[in-house]
């Protein structure tokens, strides 16, 4: 959330935001921003989708 708020504060400058925080990548920051715009917040957890079902493994 901190990165998204700085991104907005710095007039959507990825370079300035990354310089301030030392992260994230351009794609990651833009993805977080888009999620924030769509949902009004960022996700709190992440579920990794398995490539194969348990039976296939």
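The values are calculated or read from the model by the stated rules, or taken from the named source; none is laboratory data. Computed from a predicted structure; not experimentally measured. Positions of Cβ are backbone-derived with ideal geometry, glycine not excepted, and every protein chain shown enters the neighbour counts.
Here are some notes:
- Pairs where the first residue, in region 1-27, is in contact (Cβ under 8 Å) with a residue 40 or more places away in the chain and the second is exposed (fewer than 14 other Cβ atoms within 10 Å of the Cβ), C-beta under 6 Å, 6+ apart: 1/42
- Across region 1-42, the qualifying residues are those that are part of a loop (DSSP other than H, G, I, E, B) and surrounded by fewer than 10 Cβ atoms within 10 Å (Cβ to Cβ), and the one among them that is modelled with the highest pLDDT is 11.
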